[in-house]
Amino acid sequence: MASGEAHGTAGRVTMFHVNHQPGAEIHHVDPFATPAGERSPARRLRGRLASPVTLWTAPGPAGLTVSSTLVAEGEPDRLLGLVDPEADLWAAVEESGRFAVAVLGPAHRQLADRFAGLFPSPGGLFALDEWVDTPYGPVPADAGGWVGCRLDGSRECGWALLVEATVEVVELTERAEPLLHHRGRYRTLAD
């Protein structure tokens, strides 16, 4: 199938998009649709915990949408997150020893889906949007803020890697509403 083609009947195309946004559908069925009764209790619990949507990037560039990010204040401040060990991002982080984490807002739904592999990215993940180059990785110019991190270590944690890093740089905007992930959909504080 050529890029941009889709299956349909009589010129009508019905596709599924994880966040059900009109005009942004790329799947014919929900690729993650495990019936509720078959989901593990831990997965169901995780779905009920609202999580901030962040974009992790590294020199290369490489990037990945991550909704399991935590900041621990201290001396030094630390950042923790769960990432896919098979993601291109992880290879770039291991190679460079550093990465950036950008706080995404409601306007970044498509960007989040692109970096999660749920939305097409013609020309590559970084071809669209405006980016600010940093020593830690590119960050969206309109992000609600970002942190530059030095990788301290990682270990297996469930099916992911628990990444531990030291926060070296923090850049914040005055006021930015976060994009949240809750029960399989993007949400905002107003929802």
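The values are calculated or read from the model by the stated rules, or taken from the named source; none is laboratory data. Computed from a predicted model, the values in this text were never measured in an experiment. Here the Cβ is made from the backbone with ideal geometry for all residues, glycine too, and neighbour counts use every protein chain on show. In case anyone asks, the SASA skips ligands and DNA or RNA and just uses the protein heavy atoms, side chains included. Shrake-Rupley method; radii C 1.70, N 1.55, O 1.52, S 1.80 Å.
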Qualifying residues in segment 143-161 (those that are open to solvent by 30 Å² or more (accessible area, probe 1.4 Å) and at pLDDT 95 or above) - the one farthest from R78 (Cα to Cα): E156
Strands (runs of 3 or more DSSP E) lying entirely in segment 46-116 (those with 2 or more residues that are aliphatic (A, V, I, L, M) and surrounded by 18 or more Cβ atoms within 10 Å (Cβ to Cβ)): 54-58, 62-66, 78-83, 98-103
Neighbours by Cβ (under 8 Å, 6+ apart or cross-chain): first from segment 126-137, small (G, A, S); second surrounded by 11 or more Cβ atoms within 10 Å (Cβ to Cβ) and modelled with pLDDT under 95: A127/S121; G137/G60
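Yes or no, residue by residue, for (1) among the small types (G, A, S); (2) more than 25 Å from G97 (Cβ to Cβ):
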| site | (1), (2) |
| --- | --- |
| F115 | no, no |
| P122 | no, yes |
| D129 | no, yes |
| G137 | yes, no |
| P140 | no, no |
| A143 | yes, no |
| C149 | no, no |
Search result, residues across segment 171-180 that are surrounded by 14 or more Cβ atoms within 10 Å (Cβ to Cβ) and out of contact with any helix residue (DSSP H, G or I) (no Cβ under 6 Å at 6 or more places or on another chain): E171, A176, P178, L180
Hits in segment 129-142 - residues which are surrounded by 14 or more Cβ atoms within 10 Å (Cβ to Cβ) and over 21 Å from P178 (Cα atoms): T134, Y136
Flag if T134 is at pLDDT 95 or above, within 16 Å of P59 (Cα to Cα) and of a type in the set (S, T, Y): yes
Counted residues, segment 90-133 - those being within 20 Å of V163 (Cα to Cα) and touching a Gly at 6+ places or on another chain (Cβ under 6 Å): 5
Condition broken by R183, with the remaining ones in (1) at positive phi; (2) touching a Leu at 6+ places or on another chain (Cβ under 8 Å); (3) open to solvent by 20 Å² or more (accessible area, probe 1.4 Å); (4) not hydroxyl-bearing (S, T, Y) satisfied: (2)
Flag for G184 being more than 15 Å from L64 (Cα to Cα), modelled with pLDDT under 95 and either among the acidic types (D, E) or touching a Lys or Arg at 6+ places or on another chain (Cβ under 9 Å) (or both): no
